[in-house]
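Everything on this sheet refers to the single structure shown next.
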Amino acid sequence: MQMRLFIPREHARVDDLNASLEAVLANNGVSRAIQGDVRLIVEELASNAIEHGDLARVDTEEHELCVDIGIRDHLLTLEFRESGVPFNPLDQPPPDLDADILDRPTGGLGLHLVRQVSEDAHYERVGNYNVLRLTLRIPTEETAP
């Protein structure tokens, strides 16, 4: 199964994107737990792109978010493509989870969680686009906890 979804870079459209993704995943028998992981990933990456993309510095006519989703051999792949300034979320340092909550800087937990739920992650800059590919394992009866 392979599918591509596009949305404008607007916070109001992220819920539409998640609803479409959840419907596709449910129709393909993907568990609610994995659907929740996909929702977390999409909300975090889309929100970051919308908030921090700085489109004034990007030479592209279309400012959109694109998510490709594929399911094959018990692996779910997400390719998140957005037309913002170069930004590799995988280069961001992990948060100091042992620090007192009042001493921690704001932000960083969402990207940490994206890395935690993903089995594999790869970033590249392709033209004017940030492209992040994530892989999640779909548990089978044999591998389910």
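The values are calculated or read from the model by the stated rules, or taken from the named source; none is laboratory data. Note that the coordinates shown come from a computational prediction; the quantities given were computed from them, not determined experimentally. For neighbour counting, all protein chains shown are included, and Cβ atoms are generated from backbone atoms with ideal geometry for every residue, glycine included. Keep in mind that these areas ignore ligands, DNA and RNA; they rest on the heavy atoms of the full protein, side chains included. Shrake-Rupley method; radii C 1.70, N 1.55, O 1.52, S 1.80 Å.
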task: Output the number of residues of region 16-29 satisfying the condition of being surrounded by 14 or more Cβ atoms within 10 Å (Cβ to Cβ) and either of a type outside the set (A, V, I, L, M) or outside any helix (DSSP H, G or I) (or both).
output: 3
- prompt: Do you know which of the residues in region 30-80 that are modelled with pLDDT of 85 or more and assigned to a loop (DSSP other than H, G, I, E, B) is least open to solvent (accessible area, probe 1.4 Å)?
  reply: Val30
task: Give me the pairs, please: first residue somewhere in region 1-23 and more than 13 Å from Val67 (Cβ to Cβ) and aliphatic (A, V, I, L, M), second residue anywhere and at pLDDT 75 or above and open to solvent by 80 Å² or more (accessible area, probe 1.4 Å), beta-carbon distance under 8 Å, and either six or more positions apart or on two chains.
output: Met1/Arg72
